[in-house]
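The values are calculated or read from the model by the stated rules, or taken from the named source; none is laboratory data. All of these numbers come straight from a predicted model, not from anything done at the bench. Cβ coordinates were reconstructed from backbone atoms using ideal geometry, including for glycine residues, and neighbour counts include every protein chain displayed. Ligands, DNA and RNA are excluded from the accessible area calculation, which covers all protein heavy atoms including side chains. Shrake-Rupley method; radii C 1.70, N 1.55, O 1.52, S 1.80 Å.
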Amino acid sequence: MSDTIITNIYVLDAIAVSAAIILYFVSKKFKTRENHKISEIDECLPQANCGACGKAGCRDFATACANSNEEEFSKLYCTVGGKDVMDKIADILGYSKQETKEETVAVLRCNGSCQNAPAKKIYDGISSCRIAVGISSSPNGCPEGCVHLGDCVKACPFGAIHMDKASQMPIVDENKCTSCGKCVKTCPRGLFELRPRGKNGKRVYVACRNTQKGNIARKNCKVACIGCQKCTSINSLVKVKNNLSYIPTTVSAEKYGAELAKTCPTGAIIYINGTEKTEKAHEKN
Amino acid sequence: MKKIKTFPLGGIHPNKYKLTADSPIIDAGLPEYVYIPIKQHIGAPAKITVQKGDKVKVGTLLADSDGIISADIHSSVSGEVTSLEPIEGEFGYYEDCITIKVEGDEFEKEIDTSPELITEIPEADIIAQRIRESGIVGMGGAGFPTPVKTTVPPNRKARILIVNGIECEPFLTADGRLMIEKAEEIIIGAKILNKLLNIQNAIIAIDENKPEAIEIMQRLSKRYVGVNVQVCATKYPQGGEKQLIKAITGKEVPSGKLPIDIGCIVQNVATVFAVYEAVQKKKPLFERIITISGDECKHPANYRVRIGTPANYLIEKAGGASEEVAQIIYGGPMMGSSIINTQAPVTKLTGGILLLSDSLSHKKEEQNCIRCSKCAEVCPMGLQPYLIGKLVKEDMFEEVKDCHALDCIECGCCAYTCPANIPLLDYCKLAKSELKRNR
Amino acid sequence: MLKISTAPHIHSPQTVSGIMKDVVIALIPAGLVAVLFFGLPALIIIATSVAGCVLLEYLAGRFWLKTENTTRDYSAVITGLLLAYNLPSSLPLPMVLAGCFMSIVVAKLCYGGLGKNIFNPALVGRVFLFISFPVEMTRWPVPQFMNFLNIDAQTGATPLGILKHLDAAETTLIQSNSLLPEYWKMFVGYTGGCIGEVSSLALLLGFGYLLWKKIISWHIPFYYIGTVFIISGITWLFTHDIRFEPLTHILSGGLMLGAIFMATDYTTSPMSLNGKIFFAICCGILTVVIRFFSGYPEGVSFAILIMNAFVPLIDRYFTPRRFGVKK
């Protein structure tokens, strides 16, 4: 009996020792040398793996940072983490801090809700904007507007976009939006734009992408931009191209915002007075 | 009778609904206005050569092909060009279009309108020129310009011409009627293409459920050397290019390759007929046969329609669209697309207009996949649609690559057959667009 | 208002619930035969099992998973029927309900419901009962034709049970043949065994119906039964040992029921044809191995469950031949 036990102990010990030796050599052979800064940087990053930086994920971004020289580093930016994170990374690497970049937020440049632009047909298919866009124009007839199927909602890694039940439009929660740009890439009609948050959250933009002539555009949607040029008289930076007005981000929302929105005859220009909006968002939460 | 051939992988047998198989082709007449889009083919849109206010005749060149892959557009009516503004197309998108107000019915002088059959075939370079000048495109639905398709790349050799007389889509009968009424013209058209391609062999493939067309074609083809008739089984998608080549020659077009790589050229019967008319009668492509059918269509029929005729003119002819019509479809019910604007014109590619009821076309709610593997069984390309669908749903496009979604011919067999009503074809299309984007 | 949708615009009339209904219809003959031979107790077990499964699915969906009512697709009915067919008619009803719970809640809904379970729910239920209550699960009432109030019936052994407990000395004796029921009795179901497995005739009828309706292909049952027949046949030819007699092996026990209704279960069988054939052959081999070498007389449920676990792997390696690609 005791013989059996002793044999067992020997055999098991022998296996353990040989396994340990093999492991030692294998680990030595396959050891990868990794820059310890990568993990350090990685820890600072938001870990959303959203790809907004243009890299395949946070780890990839950390590697890129760690392997960069000062000049290359100045081009890398994590929009999600923002200035704070980039400063931390700069500290780790010993580089000078990046300049402050203006914080941006995603805005939806369409206001064709089911109230403003009633549906003229029924879409009977899968809930995918890309498929719907491939087979026809929006339910309201606009060839360039939102199709209300929410690819952006699914794409947003931060849950910052939700579908509003009443208007059937996606709504960006600016408190949650990190301006990673996923929605911009996802929307098959390119309706999202990353615009500066603006001072006190004040910003102004044209909520329309329709390039059709005014009468055709208005037929489908009450709040379409008709290219009437009225907004150009307020600020000369505002340009109308292809029957569509565009307000560059250089136009100060604080100064001209309210006036622009008031001038627009269709209400395609939306002026967001930051303070109001944040309060509302809080109420909802 | 020779053996009935078919393709081995997959396929389905949908209900045929061939309501108009025995109704002769009727002339649809002239609408008040025609709207002729300048892009009715794959490739670059044609360049408009007329101006507002110009008087045009039937067959007048309206727009010139722009680049190699493009096609000429000709007037289908005589009258006055009233507008060159874009109009709302069938899907609600605006397309550049030439609007013509119809006045009388005057043809261009050189067009031979006599019904006489011309059997003498001109030289190859004349054939090529006339095909190019007539704006002929693949009328089976793909719309690939025929001059490009009949130009064999230098390192390839065409061995066999297959005339695709298979109409495997339910409801559609336009090609079948054409083969019955214009059999000899089609055979001569095939001979013309043979001469152009410098090959001796043409096979007219007809599916089993068209006995009348088979009989006429077999009888007439005996008079012409090198033209044979092959009967194929009635199975969807027998009319798919790759499936047809497999059935006729036994060869498979390798994944990612073209039929010409194995020496085959496939042309639709309507295209072959257009080639005959263009070469022998100098008639550009300005009219085609369209089936108007559907379970909600009061008087289904086959019409000879001028290109650019608005759909609602034809729908009125066929008895009008009642309240019961839930969907109007251009093309067949398997691969066609539903339209929202009935003002939109028919083009060179419209093989049918279907008025479908809600009960027939209703999309049922998507359920869990029960892994019945029916989609894989019916897929004519041997793919695994359930897997593609599952991966696309989870946004796993990296893995979709290994599923070879790009081989999909979008025949819709998988979505048709799925008992859980999963829109597998939509998922495959999503996968394809994503893969193409990332390439 | 016009509707717009993606192609294809028509759809085959086949639906999930339609398929499930057809399977239920295909299972009816076996149930009728069972009632004929085992009387009212069999009917009560079938009813309890079906009701239990449907009720559990309904309650779990309503109060636990908060999903829509999923009982309308008839899949719970099939699970209930198959579970009942795998039980002896003398089993106490609370045990039947425990089996229902195991099948529906643990083996099906915990994995995500219809189409997502890895193991065949009815078989999980049966194996659970078989391991937990071995005595009750192996007490086989002797069949009595048309004796419906078969309440205190005698118990006997199943043909496979008889074979298992033969002494090595007895096996080569010709007389031991008389221990087994005649083949025709095994074929119509006049032998001891689980409710639904006794009658090969009724099961084959159901198989014919499923083939006619194109619900399943013939491959899995054919290769499964064929493998068992061939392996036991070869062994029998060489040893002349009655324990390996092939006809007894395919006519008795759960082989027919398992091969026709449980190995072909869509969800838990491979997707490609080659995969199905491989799956069926492996099931056959495992069945034979368990029947010949293990302590259990019966191996179908274990064989299928083991192979169920390999289905994802089989799906990975056996893919359909693609068009235009030479292998």
Worksheet item: Hey, C:TRP212 hits all of (1) modelled with pLDDT of 90 or more; (2) within 25 Å of C:ALA34 (Cα to Cα); (3) in contact with a helix residue (DSSP H, G or I) (Cβ under 7 Å, 6 or more places away or on another chain) but one; which does it fall short on?
Response: (3)
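Here's the yes/no breakdown for (1) more than 14 Å from every other protein chain (Cβ to nearest Cβ); (2) in contact with a Phe, Trp or Tyr (Cβ under 6 Å, 6 or more places away or on another chain); (3) of a type in the set (Lys, Arg):
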| position | (1), (2), (3) |
| --- | --- |
| B:TYR17 | no, yes, no |
| B:LEU30 | yes, no, no |
| B:PRO37 | yes, no, no |
| B:GLN40 | yes, no, no |
| B:LYS47 | yes, no, yes |
| B:VAL58 | yes, yes, no |
Worksheet item: Tell me, which residue of segment B:243-278 that is within 12 Å of chain C (Cβ to nearest Cβ), open to solvent by 10 Å² or more (accessible area, probe 1.4 Å) and in contact with a Gly (Cβ under 7 Å, 6 or more places away or on another chain) is nearest to B:LYS210 (Cα to Cα)?
Response: B:GLU252
Worksheet item: Among the residues of segment C:1-53, how many are buried (at least 22 other Cβ atoms within 10 Å of the Cβ), among the polar types (S, T, N, Q) and not in a helix (DSSP H, G or I)?
Response: 2
Worksheet entry | Spans of helices (runs of 4 or more DSSP H) in segment A:122-202 with at least 1 residues in contact with a strand residue (DSSP E or B) (Cβ under 8 Å, 6 or more places away or on another chain), away from chain B (no Cβ under 14 Å) and among the aliphatic types (A, V, I, L, M) | A:182-186
Item to complete: Could you tell me which of the residues C:PHE302, C:PHE261, C:PHE318 is open to solvent by 10 Å² or more (accessible area, probe 1.4 Å) and either polar (S, T, N, Q) or touching a Gly at 6+ places or on another chain (Cβ under 6 Å) (or both)?
Response: C:PHE318
Discussion item. With without any contact (Cβ under 8 Å) to a residue 40 or more places away in the chain and within 30 Å of B:GLU208 (Cα to Cα) as the only criterion, which of B:PRO154, B:PRO86, B:PRO115, B:PRO145 stands out?
Written reply: B:PRO115
Worksheet item: Pick from A:VAL153, A:VAL204, A:VAL147, A:VAL172: which is under 21 Å from the mean Cα position of the chain (by Cα), open to solvent by less than 30 Å² (accessible area, probe 1.4 Å) and under 28 Å from B:LYS364 (Cβ atoms)?
Response: A:VAL147
Response to the item:
Within segment B:89-112, the residues that are in contact (Cβ under 8 Å) with a residue 12 or more places away in the chain, under 30 Å from C:LEU2 (Cα atoms) and assigned to a strand (DSSP E or B) are B:GLU95, B:CYS97, B:ILE98, B:THR99, B:ILE100, B:LYS101, B:VAL102
Fill in: Every pair of residues 6+ apart whose Cβ atoms lie under 7 Å, when the first sits in segment C:6-17 and is facing chain B (nearest Cβ under 7 Å) while the second is surrounded by 24 or more Cβ atoms within 10 Å (Cβ to Cβ) and polar (S, T, N, Q)
C:HIS9/B:GLN327; C:HIS9/B:SER338; C:HIS9/B:SER361; C:ILE10/B:SER361
Worksheet item: Mind checking which residues of segment B:389-439 are closer than 20 Å to A:GLY125 by Cα, among the charged types (D, E, K, R) and open to solvent by 10 Å² or more (accessible area, probe 1.4 Å)?
Response: B:LYS390, B:LYS393, B:GLU394, B:ASP395, B:GLU410, B:LYS429, B:LYS432, B:GLU434
Worksheet, complete the sentence: Taking segment C:203-244 and keeping only residues that are without any contact (Cβ under 8 Å) to a residue 24 or more places away in the chain and among the charged types (D, E, K, R), one is left with C:LYS214
Worksheet entry | Qualifying position, being over 22 Å from B:THR350 (Cβ atoms) and open to solvent by less than 30 Å² (accessible area, probe 1.4 Å), among B:ALA174, B:ALA158 | B:ALA158
Fill in: Scope segment C:192-209; condition open to solvent by less than 10 Å² (accessible area, probe 1.4 Å) and either touching a Lys or Arg at 6+ places or on another chain (Cβ under 6 Å) or part of a helix (DSSP H, G or I) (or both); matching residues
C:SER200, C:ALA202, C:LEU203, C:GLY206
Worksheet entry | So C:GLY161, is it farther than 30 Å from C:VAL16 by Cα, at pLDDT below 95, of a type in the set (Gly, Ala, Ser) and over 17 Å from the mean Cα position of the chain (by Cα) | yes
Item to complete: Write out, first by first residue and then by second, each pair whose Cβ atoms fall under 7 Å of each other, whose residues are 6+ apart or on separate chains, and whose first residue, in segment B:305-333, is under 27 Å from B:GLY412 (Cβ atoms) and within 12 Å of chain C (Cβ to nearest Cβ) while the second is open to solvent by less than 10 Å² (accessible area, probe 1.4 Å) and among the aromatic types (Phe, Trp, Tyr).
Response: B:GLY332/B:PHE171; B:PRO333/B:PHE171
Item to complete: Scan segment B:119-155 residue by residue and report those that are among the basic types (Lys, Arg) and open to solvent by less than 30 Å² (accessible area, probe 1.4 Å).
Response: none
Worksheet item: Inside segment B:353-375, can you point out the residues that are surrounded by fewer than 23 Cβ atoms within 10 Å (Cβ to Cβ) and part of a helix (DSSP H, G or I)?
Response: B:ASP358, B:SER359, B:LEU360
Fill in: Residues of segment A:173-202 classified as under 20 Å from A:GLY54 (Cα atoms) and not small (Gly, Ala, Ser), total
15
Discussion item. Being modelled with pLDDT of 90 or more and part of a strand (DSSP E or B): is that true of B:ILE315 here?
Written reply: no
Worksheet item: Can you name the residue in segment C:66-116 that is among the aromatic types (Phe, Trp, Tyr) and assigned to a helix (DSSP H, G or I) and, of all such residues, is nearest to C:PRO41 (Cα to Cα)?
Response: C:TYR85
Worksheet item: So which pairs qualify, if the first residue must be in segment B:356-379 and at the interface with another protein chain (Cβ under 7 Å from one of its Cβ atoms) and closer than 27 Å to C:ASN120 by Cβ, the second must be open to solvent by 20 Å² or more (accessible area, probe 1.4 Å) and of a type in the set (Val, Ile, Thr), the Cβ gap must be under 7 Å, and the two must be at least 6 apart or on different chains?
Response: none
Worksheet entry | Single residue of C:LEU82, C:LEU65, C:LEU91, C:LEU40 found to be under 18 Å from C:ILE304 (Cα atoms), in contact with a Leu (Cβ under 9 Å, 6 or more places away or on another chain) and not hydroxyl-bearing (Ser, Thr, Tyr) | C:LEU82
